[in-house]
Each structure stands twice: as C-alpha cells, then as structure tokens.
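One structure is given below, encoded as structure tokens.
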Amino acid sequence: MLYQEAMDYLQNLTKFGMNFGLGRITELLRRLNNPHRRIRVIHVGGTNGKGSTTAMIARVLQSAGYRVGTFTSPHLHSFTERYLINNQEIKPERVAQLISVLRPHLESMVAEGFEHPTEFEVSTAMAFCYFEEEKVDFLVLEVGLGGAIDSTNVVTPILSVITNVAMDHMDYLGYTIAEIASVKAGIIKPGAPVVTASDKPEALEIIESVCKEQGCRLVRVGRDVSWARGGHSLQGQFFDYNGAAWKMKDLWISFLGSHQVINAATAVASLEVLQQQGVNIEEDALREGLAATIWPARLELIGTNPPVLVDAAHNYDGARCLRQALDEYFPEKRIIMVLGMLGDKERSKVVAELAPRAGHVIITKPNSPRAGDWMQMADEARRYLSRVDTIENIAQAVALAINLAGEGDLICVTGSFYMVAEAREAVLKFYY
C-alpha cells in the first residue's frame, strides 16, 4: 500500500463517525499482541493546553537524553505530524506499512461480528504499534476527546496529567463542569500519580475524589507547586517555578500568553514527578527543552507586513485567553479578525469575547460537516461592530484580511482547529 492509498483508506473510516467506548480498540489491540502494554506512557488530558503541555514534556525528556514518542491530534497540515519521535515525524511509507498490517485485523474483526473501529481508534492503534516497534523510552500521549471514553484510555500510564477543565464538546462530555471533569478524570489509573492545573472548585473536587479512590498522589499546580510570571516579549516569556524539590528561576518558553505559563508549570510539575520516580532530568535539560519547544497555531506570530497572529481558540476559554493576549501584547493595534467555528461550539460567547476587540471581522466556514449555519456568526458579530464580511473560502478570507490591512494593523486568525490549519497554510504561502 502506498501512502496516499493508506490516507484514502483512513479517510474512508470517518464514515464510522465518533463512536465512543473502549471495546473495539481493546479487541484490535489484543489481535496486535497489546503493544500499548510495553510502553511507558505519560497520558495528557484536559480541555485546553493539552498539546502545548505534551510538547514541552516530550521536548524536555528528549533533551535529557531519552527517546520520546508523542501522539497528538488533530494535525495541522500533514497526518504524519501526529506521530513524532524526538520531534521527527513518522515517514509516509511507514504509515502505509502500518495500515497494511492493521487492515487484515480490521477486516477479520468485522467478519467475526465486531463493530468496525473508527478512524481515530485505528490511528491510535497505529501509534501503539509504531512506538512499541521503535522502542521509545516514553510515549507522551495526548487524549483525543474527553478521557474515560477516548480510545487512548486503554493505557496504564506512569503519570496522568489533566491540564484544566472547561466547557467544550458538551454534546459528548456533559453540560456542567462536574460532568466534564468526571469524564476527563477517567484517565486517572490506580496508583499512578496525577498532575493538574485545574482551578475550578467543582472540577478539582471530582479529580481529588477520583485520586483518593484510586490511591493516586495528586499534585495541584497553583497549590502544591507554584509559579510566577516574569518578563515577556513577542519572542516569549520567563517564569519561576517553585516545586517540592525543584526551585528554578527564569525558565524561558517561546510561547505568548499568561495561560502558556500555566501549561509550562504543569509540564515542569509533571517532569518533577517523573524525576521522583527515577527518571533522570538535569536542570540544563529542563531549561533547554522548554526553550526549544514550538507548538504552531497557539498565539503564533507570522510575518511582519502585516503581522498575522494565528491561534486555535476553539472554545470560550480559549477565546478569553486570546482576548487577554491581544489586550496585553497589542493594545494599540487595530485588529482584522478572520474567524470560523464549528456549530457545536459556544459561538455566541466566543463572538461576544472577541468581536468587540476587532475593527473588522471576516467570518469564514470551517471545512467540516459540523460547520452548521456558519454565517449566523456574522449576525452575532454585527451586534458589536459594523464592519463584518462573510467569505466561505478560507484562503480567500485570509487574502481579504491581508489586502485590508493598513500600517500598524494586526491580522488575527482564530476559531476551530481545522479552519485555523487551512488559514495558516494560506498565511505561510503568502509569506514564504
């Protein structure tokens, strides 16, 4: 099977939709001789910040001399971005080979009366096969959606991380913080330590309760360990970390936004717990790994004339962090905003947060069957400003924003992940 054939095959599996539960992937992995049981896993969940935290943990472990796999989703521009070993993407021909191995098992499952695994379940099984074959020292594994019901939750991790809990994917996870926290706490496993930066009392209560039931040590970022933000610029920011054993000043990250300091402190707390478990991490490796971490489309500044800020603020909490960053870093800038969100998000709340900060808003359509009535966002935006356009094609929406930008303006591209990915590609083509 060639790479494009493999991609076509995987794409065809999306017809099985989002079908939660661990039965199918458990059966598939059994047929593959349970590769996930032979990998040391750090499992990272939460509503926002999972990807950034995953990337920082992995990069520090790499700097400490370990062979580190990461599995994240979704990808920005290429499927191979989901599977990294020491920051190197899987080769396309390896993807094709893995799909060729899995395909007979999928067909035999269906022939024997099992439900067909979903596209994400197959992608997750591929990850376990790949990283087990490559003998990684650690796999930093990002939860796809939720926790308890996510196909990554077949693992027994050496550490579970829950970045935070906010309202997102309510149709699948629940309509209260407590309900969502209960699902996300599903990645907590007996005896494995847990790190969380969740600060909502109703979420923290759930996490603390599950940790007590499962006999897990819990490290709470902001309580058990603390951080303090230092100097910051458009290149990144410093912070201090005060943990159980580690006391470090002036740690540097190449991320913008105060929320990324919380993600970084969560990553450092996780690494400190790993060191307490016998994983050797020197301070130089910690500093080097944090400074080297890059995670695109999270307050990512591209170009200068005009500058374009790209941020996948795909829910209300993300929009609040983006608004805070716009006010802090670009207080004098006129904002031309390109915005597109899925229909199952809190679109009116996001528009209410972001539109008043813009001088001109261009609403575009995410390339997804879940886009819904995408132009309804324009009606919401017109409640806050008069200059609102709708352009269905994402690249054309970006081109209009660039053409409209005057001296001193900032273009901000934000919204659902897949829309931001396509828009980012258009921005990169413009500049490079």
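What follows is calculated from the coordinates using simple rules that are stated; it is not laboratory data. Note that this is a predicted model, so its numbers are computed, not measured. Reconstructed Cβ throughout: ideal geometry from the backbone, glycine too, with neighbour counts over all protein chains shown.
Per residue, the convex hull spanned by the Cα atoms of the chain amounts to 137 cubic angstrom.
Each of S348, S63, S198 was scored by other Cβ atoms within 10 Å of its Cβ. Arranged with the fewest first, they read S348, S63, S198. What lysines could a cross-link reach from K91, if we take a straight Cα to Cα line under 22 Å and drop same-chain neighbours fewer than 8 places away? Counting by Cα, and skipping residues close in sequence, K91 has these lysines nearby: K135. Restricting the trypsin sites (Lys or Arg not before Pro) of the range 168-229 to loop positions (DSSP other than H, G, I, E, B) with no more than 14 neighbouring Cβ atoms within 10 Å leaves R217, R223. Each of T26, T124 has some number of other Cβ atoms within 10 Å of its Cβ, and from fewest to most they run T26, T124.
Given a Förster distance of 30 angstrom, what is the FRET efficiency for R31 paired with A178, based on the Cβ-Cβ distance and rounded to 0.05? About 0.20, to the nearest 0.05. Going from the residue with the fewest nearby Cβ atoms within 10 Å to the one with the most, V44, V95 rank V95, V44. Separation of the range 1-74 and the range 267-284 by C-alpha centroid, Å? Using only Cα atoms, the two centres lie 23 Å from each other.
With a cut-off of 12 Å on the backbone N, the residues of the range 356-383 near the modelled label site 7 Å out from E425 along Cα-Cβ are 367. Would you be so kind as to identify which of V279, S78, F128 lies farthest towards the positive end of the dipole of the chain, taking Lys and Arg as +1 and Asp and Glu as -1 on Cβ and the Cα centre as origin? Most positive-ward Cα: V279.
S254 label point, 7 Å along Cα→Cβ, cut-off 15 Å on backbone N: hits in the range 69-100? Under 15 Å, as judged by backbone N against the label point of S254, lie 87-88 of the range 69-100. Cross-link pairs exceeding 20 Å in C-alpha to C-alpha distance, out of K50/K212; K50/K189; K333/K429; K184/K212; K189/K212, comprise K50/K212; K333/K429. Zone of E115 (label point 7 Å along Cα→Cβ, backbone N under 17 Å): which residues in the range 40-59? Zone members listed by number: none at all. DSSP bridge analysis restricted to the chain gives an antiparallel fraction near 35%, rounded to the nearest 5.
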